[in-house]
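Structure record follows, encoded as structure tokens.
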Amino acid sequence: MKFIFYTHSLISDWNHGNAHFLRGIMRDLIRRGHQAVALEPFESWSRGNLVQDQGEAALTNFATHFPELHAEIYGADFNHEAALADADVVVVHEWTDPALVSEIGRIRASGGTFTLLFHDTHHRAVSSEGDIAGLRLTDYDGILAFGETLRERYLKAGWGSTVFTWHEAGDDTLFRPMPEVDKRGELIWVGNWGDDERSAEIIEFLVKPAKTLGLKTLVHGVRYPDHAKQALQDANITFGGWIANAKVPHAFAQHRVTVHIPRRPYVQNLPGIPTIRPFEALACGIPLISAPWDDTEHLFRPGDDYLIVQDGEEMTARLREVLSDRDLAQSLARSGRETLMARHTCRHRVDELLTILADCGTDRVTRKLVSMEAAE
């Protein structure tokens, strides 16, 4: 089948975690014999910032790391109807321009034979409700929400009647342990400062514990204001800036422990959604300690797959414990990767997507799915 993904960007992962997930999904679809193409706008905030931050050469890194993936950039004169004519499945990300969201729905309603899905991987449904409420989704066959609480939000608001929970996941072909890599540091965190959605939490659960324990710490991410960089410097934390997501597994392998610091909107309003970084860390087999986060969907085994702390003082104690207890560190790494590999790889999500398509797909897609199953 031919899958087309409308994404904010596949090429750039600058402050754009959804690119990580879609790359893994598309790679798995291609390995199974499907076609997978991404369409991204010429005016991409993420891609534009990547070029401004890193230069044009950063764009070539995408082709180097993901030679099998194809992303086509569209402008104002792009013929979307022609592009979708031979598509079997079209997935539209929630950062797509609202007018285009409506246009793609119109193409589907006007005789398009593809299955049309809307994909939400953000907290705007609660933090900027009007943005989502204003989208025309009536012509979409289904909605993919990256957490059960988000799915329930769509249903309660009446934004769709066919809504599925479709969590993000780790691409285990990319994110994997690298025991051959020498350890150069103790603590690593890969995460963006963002819009002050977790600024206090970063200080409490990362900066202060690292300073108190005197840990050799590395932070990668973007959108750090000067005062945040100064706080890192005052704690003797190295700030590495942007890192291509394909290089994160090697960076994890060079360190002994990492942390998860969820954004406040998820903790307070959309519990149960971990976002993609914990999936990737667990896939790499690095011990993980999380700031307060409620795993309401029982995705993992808290205490076994990762440790959870309630405040900075407890984070400091747990970091000291993991770094001094080799058996504990190995147990966390082994257990976390075990759960990830059993339930949360991009292969699992593609299986789930194919099941969703069997439930809400067009006749054309359903026939192809039945044909694929018969061939197997």
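The values are calculated or read from the model by the stated rules, or taken from the named source; none is laboratory data. Computed from a prediction, not measured in an experiment: that's the story for all the values here. Cβ placement follows ideal geometry from the backbone for every residue including glycine, while neighbour counts extend to all protein chains displayed. With ligands, DNA and RNA removed, areas are computed over all heavy atoms of the protein, side chains included. Shrake-Rupley method; radii C 1.70, N 1.55, O 1.52, S 1.80 Å.
Give the accessible surface of the chain per residue, rounded to a whole number of Å², with probe radius 1.4 Å and ligands, DNA and RNA excluded.
The answer is 42 Å² per residue.
Tell me whether the chain comes out rounded, prolate or oblate; compute the Cα gyration tensor, take square roots of the eigenvalues as a ≥ b ≥ c, and use a/c under 1.5 as the rounded threshold.
Prolate, since a/c reaches 1.5 and a/b exceeds b/c.
Counting Lys and Arg as +1 and Asp and Glu as -1, each charge on the Cβ, what is the dipole of the range 142-235 about the Cα centre in debye, to the nearest 20?
It comes to approximately 100 debye.
Quickly estimate the mean residue ellipticity at 222 nm for the chain, helices only: each DSSP H run with n ≥ 4 gives -39500 (n - 2.57), and the total goes over all residues, rounded to 500.
Here the helix-only value at 222 nm equals -12500 deg cm²/dmol.
What ³J(HN,Hα) values, in whole Hz, does the Karplus curve 6.51 cos²θ - 1.76 cosθ + 1.60 give for the range 189-204 when θ = phi - 60°, with x put for Gly and Pro?
9, 10, x, 8, 5, x, 9, 6, 7, 8, 4, 5, 5, 4, 5, 5
Can you check what the net charge comes to around Asp182, using other residues whose Cβ is under 14 Å from the Cβ of Asp182 (Lys, Arg +1; Asp, Glu -1)?
Around Asp182, the charge tally is +2.
Would you grab the residues whose amide H sits under 5 Å from the one on Gly147? Only those 5+ places off in sequence or on another chain, please, with H modelled 1.01 Å from N.
Here Trp166 satisfy the definition.
Within 10 Å, count the other beta carbons around each residue, average over each peptide in 26-33, 213-220, 226-233, and list them highest first.
The densest-packed peptide leads the list: 213-220, 26-33, 226-233.
Give a quick list of trypsin sites (Lys or Arg not before Pro) in the range 168-206 that DSSP marks as loop, anything other than H, G, I, E or B, with at most 15 other Cβ atoms within 10 Å.
Passing both the DSSP loop test and the Cβ count: Lys183, Arg184.
Compute the angle between helix 45-54 and the longest alpha-carbon principal axis of the chain, please, reported from 0 to 90 degrees and rounded to the nearest 10.
In the chain, helix 45-54 runs at an angle near 40 degrees to the longest axis.
Highest mean first, what order results for 263-271, 15-23 on Cβ atoms within 10 Å?
15-23, 263-271
Apply the Karplus curve 6.51 cos²θ - 1.76 cosθ + 1.60, θ = phi - 60°, to the phi angles in the range 147-155 and return the couplings in whole Hz, x for Gly and Pro.
Per-residue couplings from phi come out as x, 5, 5, 6, 4, 5, 5, 4, 5 Hz.
Can you list the residues, at least 5 places off or on another chain, whose amide H is less than 5 Å from the amide H of Lys216, using H built in the peptide plane?
Long-range HN contacts for Lys216: Glu186, Leu187.
Assuming 0.36 nm per residue, please report the length gained on full extension of the stretch Glu321 to Glu180 beyond their Cα-Cα distance.
48.4 nm is the gain from fully extending Glu321 to Glu180.
What does the charge dipole of the range 252-356 about its Cα centre add up to, to the nearest 20 debye, if the Cβ of each Lys and Arg holds +1 and the Cβ of each Asp and Glu holds -1?
Magnitude of the dipole: close to 360 debye.
For a quick check: with amide H placed at 1.01 Å from N, whose amide H comes under 5 Å from Thr115's, ignoring anything fewer than 5 positions away on the same chain?
Long-range HN contacts for Thr115: Val89, Val90, Thr362.
Students often get this wrong: which residues of the range 10-41 have the backbone nitrogen under 18 Å from the point 7 angstrom along Cα-to-C-beta of Ser371?
30, 32-36
Determine the share of the chain's accessible area contributed by carbon and sulfur atoms, expressed in whole percent, with a 1.4 angstrom probe.
Accessible surface attributable to carbon and sulfur in the chain totals 47 percent.
Using θ = phi - 60° and the Karplus curve 6.51 cos²θ - 1.76 cosθ + 1.60, what whole-Hz ³J(HN,Hα) does each residue of the range 11-20 get, with Gly and Pro shown as x?
Each residue's phi maps through the Karplus curve to give 5, 10, 10, 5, 6, 8, x, 4, 4, 4 Hz.
Using the alpha-carbon atoms, what tilt in degrees (0 to 90, nearest 10) does helix 346-360 show relative to the longest principal axis of the chain?
The two axes meet at around 30 degrees.
Once a ≥ b ≥ c are taken as the square roots of the eigenvalues of the Cα gyration tensor of the range 83-212, is the result rounded (a/c under 1.5), prolate (a/b larger than b/c) or oblate (a/b not larger than b/c)?
prolate
Quote the relative contact order of the chain in percent (integer), defining contacts as alpha-carbon pairs under 8 Å separated by 6+ residues.
Taking the mean separation of contacting Cα pairs over the length of the chain, I get 16 percent.
Once you've got the Cα coordinates, tell me which of Lys183/Lys216; Lys208/Lys247; Lys208/Lys229; Lys2/Lys247 are over 19 Å apart.
Violating the 19 Å Cα-Cα cut-off are Lys208/Lys247; Lys2/Lys247.
In nm, give the distance between the simple-model label positions of Ser331 and Ala157, each being 7 Å from the Cα along the Cα-to-Cβ direction.
Between Ser331 and Ala157, the label points sit 4.3 nm apart.
Using the crude model of +1 on Lys and Arg Cβ and -1 on Asp and Glu Cβ, and no other charge, please compute the dipole size for the chain relative to its Cα centre, in debye to 20.
660 debye
Nearest 10 degrees, 0 to 90: what angle lies between the long axis of helix 363-375 and the longest principal axis of the chain (Cα atoms)?
Here the helix axis deviates by roughly 70 degrees.
I'd like the Kirkwood hydrodynamic radius of the range 1-140, using the inverse of the mean 1/r over distinct C-alpha pairs, in Å.
15.6 Å
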